[in-house]
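A.B. asks: Take this structure, written in structure tokens, and hold onto it; I'll ask about it next.
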């Protein structure tokens with residue numbers, strides 16, 4: 001009887017330890033840096049967190065910022081207005097543009113069989129991008145952005161202010177053990193549903209801490 005009790009205690013202890021080990025490694029937080037390219041390229045900074053939901057499957061969410069996430073229609077639309085200003089005033093017209101953005105995603109990551117300690121994965125996500133469209137117009141070097149109405153120009157959604165649009169993403173990457181951390185290298189393709197559609201390509205590296 002005593003042997004059965006001892007054996008039961010050992011089995012229970014091992015089971016609890018294994019369950020604790022799984023639980024201890026079920027969640028993670030991660031910091032990412034990289035580049036993002038649409039019409040032009042910008043810097044990408046993001047934070048991410050997630051947890052295991054099934055064998056080889058992980059749910060995640062991220063929030064990030066990009067220094068430039070320019071919709072495909074921004075520069076052509078701005079050039080059309082600059083041409084109009086130049087033709088109607090007879091003065092040289094020009095424009096400058098920028099498009100910093102915040103973005104967020106939720107999704108799932110599937111891990112394939114490890115190879116030499118490296119874990120490849122694929123992922124899918126849905127999310128949003130809030131793009132701050134910043135355009136400045138000049139005539140003969142003078143800023144006329146605030147007085148475009150005087151020239152018969154009204155900026156539309158494709159040029160004025162911030163827009164928030166839904167997105168879909170697909171990606172691949174690898175996790176590499178790095179001492180007590182994991183190094184994540186990945187690529188994401190995101191389709192952002194702006195008026196004409198914006199294709200964003202993210203390349204990133206990140207450090208992951210499991211808990």
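A.B. asks: Report, as a whole number in µm² per second, the diffusion coefficient that Stokes-Einstein gives for the range 145-200 at 25 °C and 0.890 mPa s using the Kirkwood radius over alpha carbon pairs.
C.D. replies: Once the numbers are plugged in, D ends up at 162 µm²/s.
A.B. asks: Next question. Against the longest alpha carbon principal axis of the chain, how many degrees, from 0 to 90 and to the nearest 10, is the axis of helix 2-24 turned?
C.D. replies: 10
A.B. asks: Quick one: angle between helix 74-89 and the longest Cα principal axis of the chain, in degrees between 0 and 90, rounded to 10, please.
C.D. replies: In the chain, helix 74-89 runs at an angle near 10 degrees to the longest axis.
A.B. asks: Can you give the extra length, in nm with one decimal, that the chain gains between residue 110 and residue 67 once fully stretched, where that is 0.36 nm per residue apart less the Cα-Cα distance?
C.D. replies: 12.6 nm
A.B. asks: Bin by bin, in steps of 5 Å, what percent of the Cα pairs in the chain do you find, going until the bin that has the longest distance?
C.D. replies: With a bin width of 5 Å, the distribution comes to 1, 7, 12, 15, 12, 10, 9, 7, 6, 5, 4, 3, 2, 1, 1, 1, 1, 1, 0, 0, 0.
A.B. asks: Ok, one more. Quick one: order 137, 128 by neighbouring beta-carbon count within 10 Å, fewest to most.
C.D. replies: With the fewest neighbours first, 137, 128 line up as 128, 137.
A.B. asks: By count of other Cβ within 10 Å, fewest leading, how are 113, 191 ordered?
C.D. replies: Going from least to most buried by this count: 113, 191.
A.B. asks: Cut-off is 10 Å between beta-carbons; in what order do 48, 157 appear when sorted fewest neighbours first?
C.D. replies: Fewest-to-most ranking of 48, 157: 157, 48.
A.B. asks: With the contact rule set at Cα under 8 Å and sequence spacing of 6 or more, what percent relative contact order holds for the range 74-211?
C.D. replies: That works out to 21 percent.
A.B. asks: Which value at 222 nm does the chain reach when only helices count, each DSSP H run of 4 or more adding -39,500 (n - 2.57), with the total divided by all residues and rounded to the nearest 500 deg cm²/dmol?
C.D. replies: On the way: 2 runs with 39 residues, N = 211.
It comes out at -6500 deg cm²/dmol, rounded to the nearest 500.
A.B. asks: Work out, step by step, the length gained on full extension between residue 54 and residue 140: first 0.36 nm times the residue separation, then minus their alpha carbon distance; give nm to one decimal.
C.D. replies: Details: separation 86, 0.36 × 86 = 30.96 nm, distance 6.24 nm.
Gain in length upon complete extension: 24.7 nm.
A.B. asks: Between the range 163-208 and the range 76-103, how many Å separate their Cα centres?
C.D. replies: Going from one Cα centre to the other spans 31 Å.
Read-outs: derived from the displayed coordinates by stated rules, not from any lab. Keep in mind it's a predicted model, so treat the numbers as computed, not measured. Cβ coordinates were reconstructed from backbone atoms using ideal geometry, including for glycine residues, and neighbour counts include every protein chain displayed.
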